Amino acid sequence: HFIAGLINPEFAMVPRLVLVLHFVLVVFFCFGFRLVVRETYSYLTTSKGSVMTVIYGTGDLALITHEAIRNDKESQYHVAAFVDEESSKWNMSLNTLPVLSWEKLLKMEGKWDSIKVVILAVTDISTRQKQVIAEECMRREWKLKVMPSVGNWVNGISNTSQIRDVRIEDLLGRDEIHLNQRRIMEGLDNKTILVSGAAGSIGSEIVRQLLRFPVRQIIMLDQAESALYDLQQEIILRHDDAPFKPVLADITNQRMMRKVFETYKPHIVFNAAAYKHVPMMEESPYEAVRVNIGGTKILADLSVEFGVEKFVMVSTDKAVNPTNVMGASKRICELYIQSLSQLPEMKTAFVTTRFGNVLGSNGSVVPLFKRQIAQGGPVTVTHPEITRFFMTIPEACQLVLEASFMGNGGEIFVFDMGEPVRIADLAEKMIKLSGLKLGEDIDIVYTGLRPGEKLYEELLASKEHTKPTYHDKIMIANVKTCDFNDINRQILGLHESAYNESEELIVARMKELIPEFNPQNERYRRLLVARELSV
Ligand SMILES: NC(=O)c1ccc[n+]([C@@H]2O[C@H](COP(=O)([O-])OP(=O)(O)OC[C@H]3O[C@@H](n4cnc5c(N)ncnc54)[C@H](O)[C@@H]3O)[C@@H](O)[C@H]2O)c1
């Protein structure tokens, strides 16, 4: 007022109150105008029927997610706020929207009551944190969605179709596994890699992980035509210049396999082709012998002949003190691989990796529950107390890669499977995540334990049966090995006679190879007991 009076004495005549009022009104209209423009823009660009949404995160991924929603005129989301755990960001605004703490959001009454969706758009979040958020969302009946990190976008475009429902795998996976990237990178650099069973759950994930490294070529071999085609399409969508070649072939066809080795001259082989369904293999021991044992032997022998540097065998926890034909067939594969690696002047390093159930693999409990929920239930669980260890497929395959470049060959690496999960809890979480109410919309039905089914699984990586490695999630199993000539002869005998013998006799021959095999199937038990008595 004083300065204005100096510049123009007439101003000194204007009452102070008028100037104060003038200032207040200017500020009010400036902010008010901004608010009106924002709200009008938001109203015009928000599609009808969109739901109040909160984006969890304030980093690049969160901003990309917000941008994708704003650019989508048809978007079902109306973003009202961001959430961040860092207190320095609270009460700031981002893209003109408030940034809140998760606690504050949960406590706030009124405006936030109408929240329907939370989108997780953070890359560095622990599984525990995700579980806590999911619990709260389930309690409040908010839908929890995820914006995957950029590397996991289908066809690499940032749009709202990348936002997906949270999956049980997101909540049960453990915190990120730290890989020795340099060692793996050096091991894979400019190499041609053959992945058998590439269209399966494990094989396809190994292929996805390999694509992140500077490999020369990936030969994706599988006998399942449609599944191989689907994988091929998926990879083309994600990486237009991926160095891969799908090969439709059967690992038990020795001549065809020889042709594959001659044509592509792989440096590394990952053997993930197998028949893995326990009840099926109980009915068809011959197929377990032909595919699991016979197929592995063909690939392993060709690997030696063609000077492959590394052969990685994907095995299973069911090979430990096997109680079924599938597990026994895998144990025989392990013995063969190990005996090969002990041969003098062996150039190929044979590595075996053993792990338990992976979440969401073909034919496992997660896809089964998904189907049952989609059909309106009931969801079937064998026993209320049954527990299992689980890993996600990416976790397991990352550890397969890490183990592949550890040690000198001949080792059996077993993975730390974490904490056991109650299957009934898993079913309940999946029901809630799909937006249904247990007991109202859908039920869980207990069907009773199946023959030979255990309530609790044994620990695969128990301290007394393993040695540690530099990686806290990978251990080396202490196992007996056997002489190559003995096991080779026995496998050839088993394979040859399997054509002519009954299923019971095939199982009895498997037991001769691995005395610790203790079939739970009554049909096979009876014969083995009778044989023992007659000796
Ligand atoms: N899924 C799990 O929970 C799990 C856990 C631990 C270990 N494993 C082991 O991993 C391996 C693969 O399991 P998965 O879950 O990926 O099974 P999957 O059935 O999803 O995949 C197996 C793939 O092998 C292919 N295959 C079968 N026979 C073949 C043949 N003769 N020639 C060429 N391809 C053939 C199939 O077409 C299929 O695509 C198995 O040895 C299994 O024991 C699986």
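The values are calculated or read from the model by the stated rules, or taken from the named source; none is laboratory data. Keep in mind the model is a prediction, meaning the values are calculated, not measured. Cβ coordinates were reconstructed from backbone atoms using ideal geometry, including for glycine residues, and neighbour counts include every protein chain displayed.
Okay, here's what the table says:
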read-out: Conditions (1) assigned to a helix (DSSP H, G or I); (2) surrounded by 15 or more Cβ atoms within 10 Å (Cβ to Cβ); number of the one not met by L144; value: (1)
read-out: Evaluation of D240 against (1) in contact (Cβ under 8 Å) with a residue 60 or more places away in the chain; (2) more than 24 Å from V351 (Cβ to Cβ) (one fails), failing number; value: (1)
read-out: Residue list for segment 71-109, filter: charged (D, E, K, R) and either modelled with pLDDT of 90 or more or loosely packed, with under 13 Cβ neighbours inside 10 Å (or both); value: K73, E74, D84, E86, E103, K107, E109
read-out: Among the residues listed as I202, I236, I193, the single one being more than 15 Å from the ligand (Cβ to nearest atom) and within 22 Å of E395 (Cα to Cα); value: I193
read-out: Candidate set: segment 353-376, residues that are in contact with an Asp or Glu (Cβ under 6 Å, 6 or more places away or on another chain) and assigned to a loop (DSSP other than H, G, I, E, B); chosen: the one nearest to the ligand (Cβ to nearest atom); value: G356
read-out: Contacts under 7 angstrom Cβ, first residue in segment 349-378 being farther than 20 Å from M280 by Cα and of a type in the set (D, E, K, R), partner assigned to a loop (DSSP other than H, G, I, E, B) and more than 9 Å from the ligand (Cβ to nearest atom), 6 or more apart; value: R354/L460
read-out: Selection from segment 312-333 of residues that are of a type outside the set (K, R), within 11 Å of the ligand (Cβ to nearest atom) and in a helix (DSSP H, G or I); value: D317, A319, M326, G327, S329, C333
read-out: Odd one out for D425, checked against (1) among the charged types (D, E, K, R); (2) closer than 30 Å to E141 by Cβ; (3) in contact (Cβ under 8 Å) with a residue 12 or more places away in the chain; (4) out of contact with any Gly (no Cβ under 8 Å at 6 or more places or on another chain); value: (3)
read-out: Search result, residues across segment 377-434 that are away from the ligand (no atom under 16 Å from the Cβ) and polar (S, T, N, Q); value: T380, T382, N408, S434
read-out: Residue in segment 511-527 that is farthest from the chain's Cα centre (by Cα), counting only those that are part of a helix (DSSP H, G or I) and exposed (fewer than 14 other Cβ atoms within 10 Å of the Cβ); value: R526
read-out: Condition met for V381 (at pLDDT below 95, more than 22 Å from I491 (Cβ to Cβ) and not assigned by TED's automatic domain parsing to the domain that holds F270); value: no
read-out: 3 or more residues more than 30 Å from L188 (Cβ to Cβ): qualifying strands (runs of 3 or more DSSP E) within segment 380-442; value: 420-422
read-out: Residue in segment 258-267 that is within 12 Å of the ligand (Cβ to nearest atom) and surrounded by 19 or more Cβ atoms within 10 Å (Cβ to Cβ) present; value: yes
read-out: Flag if Q398 is within 21 Å of L459 (Cα to Cα) and of a type outside the set (G, A, S); value: yes
read-out: Criterion violated by E419 - all others in (1) surrounded by fewer than 18 Cβ atoms within 10 Å (Cβ to Cβ); (2) modelled with pLDDT of 95 or more satisfied; value: (2)
read-out: Complete set of residues in segment 337-352 that are assigned to a helix (DSSP H, G or I) and within 14 Å of the ligand (Cβ to nearest atom); value: I337
read-out: Subset of segment 195-236 [without any contact (Cβ under 8 Å) to a residue 12 or more places away in the chain and among the polar types (S, T, N, Q)]; value: S226, Q233
read-out: Qualifying residues in segment 481-500 (those that are over 20 Å from G409 (Cα atoms) and assigned to a loop (DSSP other than H, G, I, E, B)) - the one nearest to the chain's Cα centre (by Cα); value: Y499
read-out: Enumeration of residues in segment 374-405 that are surrounded by fewer than 21 Cβ atoms within 10 Å (Cβ to Cβ) and under 19 Å from K310 (Cα atoms); value: F405
read-out: Condition check for A300: away from the ligand (no atom under 11 Å from the Cβ), crowded, with 20+ Cβ neighbours inside 10 Å and either in contact (Cβ under 8 Å) with a residue 12 or more places away in the chain or of a type in the set (A, V, I, L, M, F, W, C) (or both); value: yes
read-out: Selection count, segment 345-367, where residues are out of contact with any Ser or Thr (no Cβ under 6 Å at 6 or more places or on another chain) and either under 19 Å from M417 (Cα atoms) or modelled with pLDDT of 95 or more (or both); value: 12
read-out: Criterion (at pLDDT below 95, buried (at least 17 other Cβ atoms within 10 Å of the Cβ) and at negative phi) met by exactly one of A508, A530; value: A508
